[in-house]
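Just so it is clear, none of the values below were taken in a lab; they were calculated from the coordinates. Note that the coordinates shown come from a computational prediction; the quantities given were computed from them, not determined experimentally. Reconstructed Cβ throughout: ideal geometry from the backbone, glycine too, with neighbour counts over all protein chains shown.
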Amino acid sequence: MTETSAVTPQPTMPWQATTRKKVATLMSLVISAVVSFVIVLVTGLAGVDGFALTFFGVSFLAVAIRTFRLDSKKRKDAFVTVAIIATAVLAFSPWMSIFGSVIIKGLRGLRPNFLYETMQTTTPDDELSLGGAGHAIVGSAIMVVIATAITLPLGILSGVYLTEVRGRLTFLVRFVVQSMSGVPSIVAGLFIYTTFVNFTNAFSGMAGALALAILMLPTVARTAEEVLKLVPDDLRSASYALGARQWRTSLMVVLPTVRSGLTTASILGVARVIGETAPLLLTSLSKDSFVFNPFGGPTGSLPTYVFGLLQIGTENAINRAWAGALVLMLIVFILFSSARLIGGKDKR
Amino acid sequence: MSSVSATAQTPEPRELSIIYNRADRVFRRIVTTGALTSLILLGLIGMFLFVRSAQIFNDRGLKFLTGANWTAGSGDGVIPDDFSIGPMLTGTILVAFIALLIAMPLAIGGALYIEFYAAKGVRKVLTTLLDLAAAIPSLIFGLWGVAIFTEFGERWSTLLNSRLGWVPFIKVQNELFGRSPFVAGCVLASLIVPIITSVSREVFSRTPRDLIDTCYALGGSRWGAIRTVVLPFGKSGVIGGAMLGLGRALGETVAVYLLLNLVFRYNFRILESEGGNIASLIATKFGEATEYELKALVAAGFVLFLLTLVVNMVAASIVQRSTVRK
């Protein structure tokens, strides 16, 4: 009796790495790092990229040594693991670098006055404590609000068509929305230029908003479809069973349940277009002072403000451009987190 | 016997017919009209761009696509207008393909890493960051390219030129290296990597878990499972994602404008600091264009529109097919 209880097998997880293996991996990483550091010091390989390259080379060597006695399958697996981690690091490093540089360089150029002053009496070369992007932020906000007001209803209608009405053109509509999301932003700007700007004979914030709306529509429509798809069919059946017609079911049962999802849709749409520069270069141009009237001629916006500063290229102008980039990134970040927050509420 | 008769008595589901009353029909018509706006809009974009630039296609015909000059005439007819987009068309394709070539392995490696190698916590963080990275405006990529990446790009170019100078595409005439198709292509690659990665990761995550487990149970390694199950399963999705990225790279304006010297000459030497693409041509020439030149720019935009539309339609059909199946 005691014997059988003694041999009761403990559950083991042979596929998990043992502590010894983990330590060995860590050690070989550290040794590779040190070796490649020495190689970089001795040879002429310069910079972060040189170090990374040597490090991957040395890691391959380390893996080759460690798996020398294993069979070919395990050796291949180990090599591929190193290779995949290396490409992943290479793939993620640009945007990590972007996040880092925008935050560091942006904070250096950011002053409180950047958020509410304009460039009306300031040249880009002046001290950073003078002037700001207030006019650009206001301009961007106005254009984005107008663009949302246009695209949200259209996006919802298209979502409702794809999930509720399900007419004959369902496939076509979905296909067109998908391919429209790839229309180059400059083409959208050119279209509004050849139509709206030519007809009204003036560049304006309204023209910019229309161009942004074209780019926003696919995002909003697709997200709206995604959220509407999540509504359980039971709700629809229950509504029909109570004698409601399709229009009542859609408008009073289905749509109210996805109110927050539709908010998410419009937020994601705004995040998609807030940084668009190219279409605004052809439609709203730029201006150094506040413009509150959407039809009041050329209007400043955050992207065109940064773009203009980049072309001036002096030191303070570049600093201002980084600050503008930081504000843009913060806006995108805030939009994204609020979309996630609101979207998360929906599922509960 | 009794059980057979019991099943036989199970009533067939009643045939349901839907009768829409007047209110329903009005509702459906309104929704349909709204949903068709995107279709109409797409048609209008193509139509207006074509109508506004018809004169150019009429005047120049196919030479608009193949000619290598963009010269504004003197107005009195001494120097005639000569607008064509040959070098920009090839430049667009060249830069986009460099970007795609660099981005593809990185994106696939990144997606495999997130889905199959990263620890659970790391995976969550990376997926969130990936969404955010896909939303970084291209203007910021351009700024980063000018201020930070150019240094690396020039160093790599120097290295490539000195070691692989005998390859025709790599040899340069002026050893300047900055603002070349290669540098612009690298920045475009980092711009489309998040897009391709998130599509690929999405497809990889749909691989049936039991197929992967079967592979492990048969003694396969992780790479074995990826090679024999995950990659074949996700192939069409990855291709669709790559096409989406290609479409984005073909139409990119600001990043290319900031990172590539616009020179109107056919150039296939990727390290030479000259090139351009249609979108950046439009952004560059728009400000001080004459009326006839504007029409030529609209014509260039129309060509770009058709090019990206074809790429995106192929991408849309591939992505749709690969997501519908599962």
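Tabulated values for the structure
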read-out: Under 5 Å, built H, 5+ apart or other chain: amide partners of residue B:71; value: B:82, B:83, B:84
read-out: Per-pair calculated FRET efficiency, R0 = 60 Å: residue A:42 and residue B:321 via Cβ, rounded to 0.05; value: 0.65
read-out: Residue-averaged beta-carbon neighbours from other chains (10 angstrom radius) around A:160-168; value: 4
read-out: Residues of type lysines that residue B:63 reaches as a straight line, Cα spacing below 25 Å, ignoring anything fewer than 8 places off in the same chain; value: B:285, B:295
read-out: Qualifying GluC sites (Glu not before Pro) for region B:154-209 [loop in DSSP, other Cβ within 10 Å: at most 14]; value: B:175
read-out: D (Stokes-Einstein, µm²/s), Kirkwood Cα radius, chain A, 1.567 mPa s at 4 °C; value: 52 µm²/s
read-out: Rounded if a/c under 1.5, otherwise prolate or oblate - the protein assembly as shown, Cα gyration tensor axes; value: oblate
read-out: Extension reserve of the residue A:199-residue A:115 stretch, reckoned as 0.36 nm per residue once the Cα distance is removed; value: 26.8 nm
read-out: Coil-residue chymotrypsin sites (Phe, Trp or Tyr not before Pro) of region A:83-134, DSSP, other Cβ within 10 Å capped at 13; value: A:116
read-out: Charge dipole magnitude, Cβ of K and R +1, D and E -1 - the protein assembly as shown, Cα centre, debye nearest 20; value: 2420 debye
read-out: Cα centre as origin, Lys/Arg/Asp/Glu Cβ charges: region B:82-324 dipole, Debye; value: 840 debye
read-out: Angle between chain A longest axis and helix A:134-160 axis [Cα atoms, degrees, rounded to 10]; value: 80 degrees
read-out: Computed E for residue B:122/residue A:25 - FRET, C-beta separation, R0 22 angstrom, nearest 0.05; value: 0.90
read-out: Chain A, relative contact order [Cα under 8 Å, separation at least 6], %; value: 21 percent
read-out: Spin-label model distance (nm) - residue A:82 vs residue B:206, 7 Å beyond Cα toward Cβ; value: 3.5 nm
read-out: For chain B: rounded, prolate or oblate by the Cα gyration tensor [a/c cutoff 1.5]; value: oblate
read-out: Rough spin-label spacing in nm, given labels placed 7 Å along Cα→Cβ, for residue B:291 and residue B:129; value: 5.5 nm
read-out: Simple label model, 7 Å out from Cα along Cβ direction - residue B:310 to residue B:101, nm; value: 2.1 nm
read-out: 0 to 90° range, to nearest 10: angle between helix B:181-205 axis and chain B longest Cα axis; value: 0 degrees
read-out: ³J(HN,Hα) computed for each position of region A:180-187 - Karplus, 6.51 cos²θ - 1.76 cosθ + 1.60, integer Hz, glycine/proline x; value: 5, 5, x, 4, x, 4, 5, 5
read-out: Charged-residue dipole, Cβ positions (Lys, Arg, Asp, Glu), chain A about Cα centre, Debye nearest 20; value: 1320 debye
read-out: Mean separation of Cα contacts under 8 Å (6+ apart) over length of region B:82-324, as relative contact order %; value: 32 percent
read-out: Candidates B:158, B:92, B:253, ranked by Gaussian network fluctuation over chain B, Cα under 10 Å, top entry; value: B:158
read-out: For chain A, built as a Gaussian network whose Cα springs stay under 10 Å, the top-fluctuating residue of A:112, A:279, A:294; value: A:112
read-out: In region A:18-109, lysine pairs with alpha-carbon atoms under 24 angstrom apart (chain gap of 8 or more, or interchain); value: 6
read-out: Candidate lysines - alpha carbon under 19 Å from residue A:229, same-chain residues fewer than 8 apart omitted; value: A:345, A:347, B:326
read-out: Mean separation of Cα contacts under 8 Å (6+ apart) over length of region B:16-99, as relative contact order %; value: 18 percent
